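Single-structure report; data block below.
The values are calculated or read from the model by the stated rules, or taken from the named source; none is laboratory data. Since this is a predicted model, take the numbers as computed values, not measurements. Here the Cβ positions follow ideal geometry from the backbone for every residue, glycine too, while neighbour counts run over all protein chains shown. Accessible surface is based on the protein model in full, side chains and every heavy atom, while ligands, DNA and RNA are left aside. Shrake-Rupley method; radii C 1.70, N 1.55, O 1.52, S 1.80 Å.
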Amino acid sequence: MSTAQQVPDILSPEFAVDPYPAYQVMREDAPLIWHEATQSYIVSRYEDVEYVFKDRAGEFTTDNYDWQLEPVHGKTILQLSGREHAVRRALVAPAFRGSDLQEKFLPVIERNSRELIDGFRHSGSADLVADYATHFPVNVIADMLGLDKADHARFHGWYTSVIAFLGNLSGDADVTAAGERTRVEFAEYMLPIIRERRKHPGDDLLSALCAAEVDGVRMSDEDVKAFCSLLLAAGGETTDKAIASIFANLLRHPEQLAAVRADRGLIPRAFAETLRFTPPVHMIMRQSATEVALSGGTVPPGATVTCLIGAANRDGSRYRHPDRFDILRDDLTTTTAFSAAADHLAFALGRHFCVGALLAKAEVEIGVNQLLDAMPNMRLVDGFDAAEQGVFTRGPGALPVRFTPVTA
């Protein structure tokens, strides 16, 4: 097993600028690293990250979320296992698939996207991050929950501090304090709304969560609050970065952008390839329940394992030309890319596969379609480099574009 001194450190400024060369060194020379600063074992090869996520032998738990998530969200569905997890997942899952998604929430997604685009469609220029991506998924989730979108700035501030807390690998005390403060503020905001919604339910997701029942089990006010907090943070941050990254990748490859513009049926391919090539979440942690053998050595029981999705998704043993963005590649299955059978790792796998994957797919397909319609001849502002930012989560910090306004 390697030590962190032998490879570029995940906490270094160089890694934050461009982690992909470091990922290659890890995969090839140090597939299992003990990282002292984060007190975790780092795994980077596709076969190992897939093995941890699928966890067919029951060797891994999500006990790490007790310290990683609970201080900012409260106890969430991600921390549960066995029957308790299955029942809670059955309570929340219907809203994110099937008829509820199609009938109730697609119009919400379409409306929120259109309202944002109306703010810049006639101007000929926009920043796809600041003007669209950072607002769109949060507005959608607030609308789905029946919350006041006038509170968008508060939602965005809360989820930003939560994501910073989750990615606080260096243990910055101010980031920790801000995350813990967010938990208190969000509870003070949400719990009265939840109690009111129980008395006077509406046709919204929050009312549905309050009323949902499986095998006689219903969610408590605290359960509902924790899930809403998780939904705002996970759904906001990831879809925000996914949409920005899709356009960053396509704008760097004009022939692929032209192909998607001409054939909108390619949007799911562009999304799937973006999830592989530049995933919004680069790291997910698990806890070992037993001693586990992985490439490069053995992980002891009770250890934190940091799974590098960003490295695994560019593993040359799994994908041909892994450092090439190619929406037409034949070694990534688009039809399963948004299900637990996905062959990329951006949504995790197994029983903790992202419950919101189909919601994210719907948001991306609608958003990309509407943006392409509204922004003919889209191109990056001259000289702008759409560089990614972040370590735990990652995406373009800005994406200024110019386009020909639609006059009709």
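Tell me, which residue of region 153-171 that is part of a helix (DSSP H, G or I) and open to solvent by less than 30 Å² (accessible area, probe 1.4 Å) is farthest from L69 (Cα to Cα)? Break it down into steps so the answer makes sense when it comes.
Within region 153-171, the first condition is being part of a helix (DSSP H, G or I), and the residues that meet it are 153-166.
If we keep only those that are open to solvent by less than 30 Å² (accessible area, probe 1.4 Å) too, we end up with 155, 158-159, 161-163, 165-166.
Numbers: F155: 17, W158: 14, Y159: 12, S161: 12, V162: 9, I163: 10, F165: 9, L166: 7 Å.
This residue is F155.
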Per the filter on region 269-290, residues crowded, with 24+ Cβ neighbours inside 10 Å and hydroxyl-bearing (S, T, Y) are T274, T278
Could you list all residues from region 172-209 that are free of Cβ contacts under 8 Å to residues at least 40 places away in the same chain and in a loop (DSSP other than H, G, I, E, B)? D172, H200, P201
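L349 - would you say it is open to solvent by less than 40 Å² (accessible area, probe 1.4 Å) and over 30 Å from A57 (Cα atoms)?
On the way: open to solvent by less than 40 Å² (accessible area, probe 1.4 Å): yes; over 30 Å from A57 (Cα atoms): no.
Here the answer is no, as L349 does not meet what is asked.
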When the residues of region 117-150 are filtered to those that are assigned to a helix (DSSP H, G or I), at pLDDT 90 or above and more than 21 Å from the chain's Cα centre (by Cα), which remaining residue is nearest to N249 (Cα to Cα)? I117
List every residue pair whose Cβ atoms lie under 7 Å apart, where the two residues are 6 or more positions apart in sequence or sit on different chains, the first residue falls within region 101-126 and is touching a residue at least 24 places away in the same chain (Cβ under 8 Å), and the second residue, located anywhere, is assigned to a helix (DSSP H, G or I) and open to solvent by 30 Å² or more (accessible area, probe 1.4 Å). L101/L358; V108/D143; N112/D143; S113/Q370; R114/Q370; I117/Q370
Would you please list the contacts, defined by Cβ atoms under 7 Å and residues six or more apart or on different chains, that run from a residue in region 375-388 that is within 10 Å of L399 (Cβ to Cβ) and of a type in the set (G, A, S) to a residue that is surrounded by fewer than 11 Cβ atoms within 10 Å (Cβ to Cβ) and at pLDDT 90 or above? none
Any residue at all in region 40-54 that is without any contact (Cβ under 8 Å) to a residue 40 or more places away in the chain and at negative phi? no
Specify which of the listed residues (S295, S288) is among the polar types (S, T, N, Q) and within 22 Å of F353 (Cα to Cα). S288
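Checking the condition in contact with a Ser or Thr (Cβ under 7 Å, 6 or more places away or on another chain), assigned to a helix (DSSP H, G or I) and not hydroxyl-bearing (S, T, Y), which residue from A242, A248 passes?
Values: A248 fails: in contact with a Ser or Thr (Cβ under 7 Å, 6 or more places away or on another chain).
Being in contact with a Ser or Thr (Cβ under 7 Å, 6 or more places away or on another chain), assigned to a helix (DSSP H, G or I) and not hydroxyl-bearing (S, T, Y) holds for just one of A242, A248, which is A242.
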